[in-house]
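All remarks here apply to the structure that follows.
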Amino acid sequence: MNWREQREQMVKHQLVLRGIKDQRVLEAMRKVPRHFFVPEKLSESAYHDGPLSIGEGQTISQPYMVALMTECLGLKGGEKVLEIGTGSGYQTAVLAELAEHIYTIERIPILLKKAQQVLTRLGYTTITFKGGDGTCGWEEESPFDGIIVTAGAPDISPVLVEQLDEGGVLVIPVGTRFSQSLFKVTKKGDRIEKENYTLCVFVPLIGMHGWKEN
Ligand code: SAM
């Protein structure tokens, strides 16, 4: 099977059959070449139904988790989105297909550099990158229509909720260092509405408003 056929199979069996309905999300997942975002020796496994190692003890998330988190953001096309945890840059590319501008933060410099290189090579021009601790958000660029945290957090950080626009959505895995629940948090005035989507397992979010390094 060529890469395009593998993506088609991935969308059909891993996403549509599990209930992903947003046609724009499905189209973005059909388009983005996931095999460019995994280490070369793993490219044959790029469209498998699970996360893969990207080095530095980190992972590219399972395709279904990328689709579900993206669907939760409810993107229509004009949004400004903050991503915390660039990792391989795959989720960043999917977001860039669907929103107006993506701000992405990664704490591990080598991962940030690789992600930036592949996203530039693929022609993405609507992404702004930053190295460092994303748990503080990106205040100068706030407010955001959406914030997506791609690592497991100890709680729903008020610092991030503060950087959401009214009606904005924060998608975040919350729990222990080892397992979490995926939450969609919508900002409504000075309160938040929380929806719990699924159990999940992410690498820990390390930083000032996250977990300690070890
Ligand atoms: N969505 C990514 C992808 O498609 O490859 C997967 C990201 S991986 C599961 C989580 C990433 O979050 C790791 O690269 C990790 O280094 C990063 N991370 C953890 N804590 C962070 C923080 N405080 N700020 C920025 N990035 C962080």
If you take the beta carbon distance between ILE110 and PHE178 as r and set R0 to 22 Å, what does 1/(1 + (r/R0)^6) give as a FRET efficiency, to the nearest 0.05?
-> 0.35
The farthest towards the positive end of the charge dipole of the chain, of the residues ILE156, THR186, SER88, given +1 on Cβ of Lys and Arg and -1 on Cβ of Asp and Glu, is SER88
Report the extension gain between GLU40 and ASN214 in nm, rounded to one decimal, defined as 0.36 nm multiplied by the number of residues separating them, less their alpha carbon distance.
-> 59.7 nm
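With a cut-off of 8 Å between alpha carbons and a minimum separation of six or more residues, what is the relative contact order of region 3-200 in percent?
14 percent
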Using alpha-carbon pairs under 8 Å, 6+ residues apart, how would you state the relative contact order of region 112-214 in percent?
-> 24 percent
To two decimal places, what compactness ratio does region 20-123 give when its Cα radius of gyration is scaled by 2.2 N^0.38 Å?
-> 1.00
Using alpha-carbon pairs under 8 Å, 6+ residues apart, how would you state the relative contact order of region 154-214 in percent?
-> 28 percent
Report, in cubic angstrom per residue, the convex hull volume of the C-alpha atoms of region 144-213.
-> 70 Å³
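Counting DSSP beta bridges in region 26-140, what percent are antiparallel, to the nearest 5? Display every interim value, and only then the final one.
Working: 3 of 13 bridges.
Counting only bridges with both partners in region 26-140, antiparallel ones make up about 25 percent.
If you roll a 1.4 Å probe over the chain with all protein chains in place, what percent of the accessible area is carbon or sulfur?
Exposed carbon and sulfur together represent 52 percent of the surface.
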Would you mind checking LYS80/LYS114; LYS184/LYS212; LYS76/LYS187; LYS12/LYS212 for any pair whose Cα atoms are more than 29 angstrom apart?
-> LYS12/LYS212
Heavy-atom accessible area per residue - region 58-168, 1.4 Å, Å² = 36 Å²
Estimated distance in nm for a label pair at THR120 and GLU8, the labels positioned 7 Å out from Cα along Cα-to-Cβ | 3.4 nm
Treating every alpha carbon of the chain as one equal point scatterer without solvent, the Debye formula yields log10 I(q)/I(0) values at q = 0.17, 0.18 Å⁻¹ of -1.21, -1.38
Only Lys, Arg, Asp and Glu count, each charged at its Cβ (+1, +1, -1, -1), so figure out the dipole size of region 23-164 about its Cα centre, rounded to 20 debye.
-> 540 debye
May I ask for the angle, rounded to the nearest 10°, between helix 109-121 and the longest principal axis of the chain, with both axes built from Cα atoms and the value confined to 0 to 90°?
-> 60 degrees
How much of the DSSP beta bridge set in the chain is antiparallel, as a percent to the nearest 5?
-> 50 percent
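Treating the beta-carbon of each Lys and Arg as +1 and of each Asp and Glu as -1, no other charges, what is the dipole magnitude of region 115-214 about its Cα centre, to the nearest 20 debye?
420 debye
The values are calculated or read from the model by the stated rules, or taken from the named source; none is laboratory data. These numbers come from a predicted model, not from an experiment. Methodologically, a virtual Cβ is constructed for each residue, glycine included, from the backbone with ideal geometry; neighbour enumeration extends over all protein chains shown. Ligands, DNA and RNA are excluded from the accessible area calculation, which covers all protein heavy atoms including side chains. Shrake-Rupley method; radii C 1.70, N 1.55, O 1.52, S 1.80 Å.
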